[in-house]
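Structure, as structure tokens:
The numbers here are math on the coordinates, done by the rules we state, and not lab data. Please read these numbers as outputs of a predicted model, since none were measured by experiment. Cβ placement follows ideal geometry from the backbone for every residue including glycine, while neighbour counts extend to all protein chains displayed.
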Amino acid sequence: MLNTKFGFRILAVMIFLYSNLFAAQPAPVVEKPSSGELTTRAWTAHGKHDIEATNKYTQECIDLYKNQAEKEQASLTALPKNKKEIEAVQVLNDVATCYFIQAESSLRQGKIDEAKKILQLIIDKYPFAQSWDARGWFWSIELAAQQTLKKIASGTIEVAVKPKVSQLVTKLALFDSGKEDIVNYEKYGRFQDIGTKDYKYIITDQEGLIKAAGEGVYPNNSAVRHDPIFKEVIRQKRLEGDAWDFLYSPDMQAAFVKWTTSNEPQGIRLYGTAQILEKAGFVTQAIKCYYSIVVHFPGSYGWTYWHTPWYLGQAAIAKINFLLRRNPQLGYKLEGAKIDILNGFDNDISNDAAVVNPGKFVKVDMVNEAAKLKPGVESVGIKKKAGRGKVRLVQYNNGDWQLLAEDKPYIIKGVTYAPTKVGQSPDEGTLKNWMEEDENKNNKIDGPYDAFVDKNRNNLQDPDEPAIGDFKLMQEMGVNTIRLYHHPLKINKELMRDMFNTYGIRVVMGDFLGKYAIGSGAGWNPGTDYNNEDQKKKMIESVKGMVNEFKDEPYILFWILGNENVYGYACNANEQPEAFFKFANEVAKIIKSIDPDHPVAICSGDILFLDKFGKNAPDIDIFGTNAYRGDYGFGALWRQVKEQTGKPAFITEFGCPAYAEGKSVDESEELQAQYHLGSWEDIQNNMAFNGGSGNALGAVIFEWLDEWWKAYEPAIQDTKGLWAGPFPDGYMHEEWLGISGQGDGKLSPFLRQLRKVYYMYQKKWK
């Protein structure tokens, strides 16, 4: 997830053109431009509303590459699912994208019939084409064309096409839930080589284990076939469709049968089955199912949409701990469970090895557990101080960390704040600087001071709904931090000073450190090179400029470098992780030489290359990362950061959409609130003296306000899923991530509809 404040398409091409304008030697003769180059130029022209150039570049791409695109389309039988497969048919993607740009251009000119013909052509001829969004995902061009046609026909917002799975609402009733609530595995086999990469569980009483486990839990794979619902769902043909879509179907019976009989690998099948059981309310059976992964398949893995490994054993332990916290009446605690994946911080699974301790379930009195006195600063004592300024870090003798501001513990209760007026879009070059906007000409910045709460959600400002301003609303929620970058938009220092002095909100200030080629002088493709001395000098100058300009501002909390650079969009940190982290460490030392008063953090992407960060960045004080893992929190992340780096950590970006396919507004907002609650509870449990890893400093929510431009039609709040992920309906709806919505958009940038998640945080943070 990328927090962007500018148009990536436009920026990409501007950088490309700039770098080529000043080439030192004559360009070689090229027979024809690539389909990618023409598509990039077409997006740029479209963003500038240059109709002539848009037509020129799109048509040139179509004329040159249409035949190749049709061959690539004919070679496919389904929509490619991962980045590697999608990029293998790049010409198909580019040609279909150029047709889509032509359709959008026609709509702008009022040529409705022409646009409809082009959109239908995409649907008919290029159903498997996808277009890359530089913010980090691919989107189906066919689906976008279908949605645009619907909007043309009805003038209303249409939801994404529903998955072709059963939407019948059913409740699950288990035929066989097993003889034991928590399986005593030592009765049915033996554990061997616990705590090593040679770990295994050897079953000695298969029949006894099957009876103890119950249906859906390994090795009881066949029990579901004796369940009456099995024949019923088959007879009614309710199993048609992809198993993954069934995770979000209201047909609990069909979903359970689908997953327990699916062809997915055992670990994945168990994880999907456990999710269905959890959703259906069978918590103990879900825990047994998750734990069977830990015991039998601890090293199993799947792949995320981004083609990064997803280690199921680690996720299963996190899920179990989450469910036990949420259900204290069960009276159990899982102690000692730990799975480490040797060589598991990269995308290569060929040399992975799982070091496993399955742990044990122990009976506990959760009331007494909660009442136990926790150690405090006085009883533990300080081991180490990091920094000597107004904002610093301390580590206690028990290994826990805290951030101090003005000598007081500071928990980061942050939010990304970049209020965008509906209709503005960086892709079209219309995005303005929110720190300067005063649309109603009252000499006040709109969002921070003139926003009002639409309490009855009638999309009007009623007499009892006065302007209150976002800063005040954030203060009342408990927000104490926002995250900003010092470029490319100008920072309004007076506004930030008032935000701090009046509302107590500080700023984590960042430099992209070459991400999206910002500050490095590199072209978008191939992007920033962290071994290039000239580019490194430019990035250092960018950082030094930031620190010198803002180091004495009272609102600065600390500095942050990059924005998930390890994912590699327009930079090569994913190809050069050691070079990147070494350079980031060099930059951190430069920052400290200029400003000893504030710590330095990095913003990474989940825990990719965490081991290399630990080895190469000793002078970076805090590990920060963008992470979207699900409603249970962040799993082993805190422990892994502690073990690999010894540093404190915080989540630089996390969130959940307030929209879910097939759910009402109220239901969707509740799902969003519950997702955030699980995430924050996990963060809280891992803060100092709370019993977890003790290194969590807080987090920054993504984001304060819905931004309507992220799916490319900035006047419409799109509901299409942009990419698959661990969200309430299985998809990220990035135009719905706000703690607050903008209603129907007509009173933007002033109207705020506060969601349930706002009030959840108000209770937790205040």
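Annotations for the structure displayed:
- Our note on the geometry: Cα centres of segment 552-600 and segment 624-638, 21 Å apart.
- For the set K179/K663; K493/K592; K515/K642; K237/K720, the pairs lying more than 29 angstrom apart at their alpha carbons are K179/K663.
- Of the peptides 559-566, 427-434, 187-194, 513-520, the ranking by mean beta-carbon count within 10 Å, highest at the top, reads 559-566, 513-520, 427-434, 187-194.
- Cα gyration tensor shape for segment 32-154, rounded if a/c is under 1.5, else prolate or oblate: oblate
- The lysine pair count for segment 387-474, using Cα distances under 28 Å and pairs eight or more places apart or on different chains, is 23.
- Here I276, I293, I317, I234 are placed in order of increasing Cβ neighbour count within 10 Å, fewest first, which gives I234, I317, I276, I293.
- Shape call, segment 301-415: gyration tensor on alpha carbons, a/c limit 1.5: oblate
- Spatial separation of Cα centroids for segment 219-246 and segment 94-119, in angstrom: 43
- Peptides 439-445, 609-615, 619-625, 168-174 ordered by average Cβ neighbours within 10 Å, highest first: 619-625, 609-615, 168-174, 439-445
- Sum of side-chain charges, N626 neighbourhood, beta-carbon under 10 Å (Lys, Arg +1; Asp, Glu -1): -3
- Of the peptides 108-116, 480-488, the order by per-residue mean of other Cβ atoms within 10 Å, starting with the highest, comes out as 480-488, 108-116.
- Reachable aspartates and glutamates from K56, criterion Cα separation under 15 angstrom, eight or more residues apart if same chain: E37, D94, E104
- Neighbourhood net charge (12 Å Cβ-Cβ; Lys/Arg +1, Asp/Glu -1) for K615: 0
- Helix screen, the chain: DSSP H segments with Cα axial length of 24 Å or more and mean Kyte-Doolittle hydropathy at least 0.0 are 90-108, 577-594.
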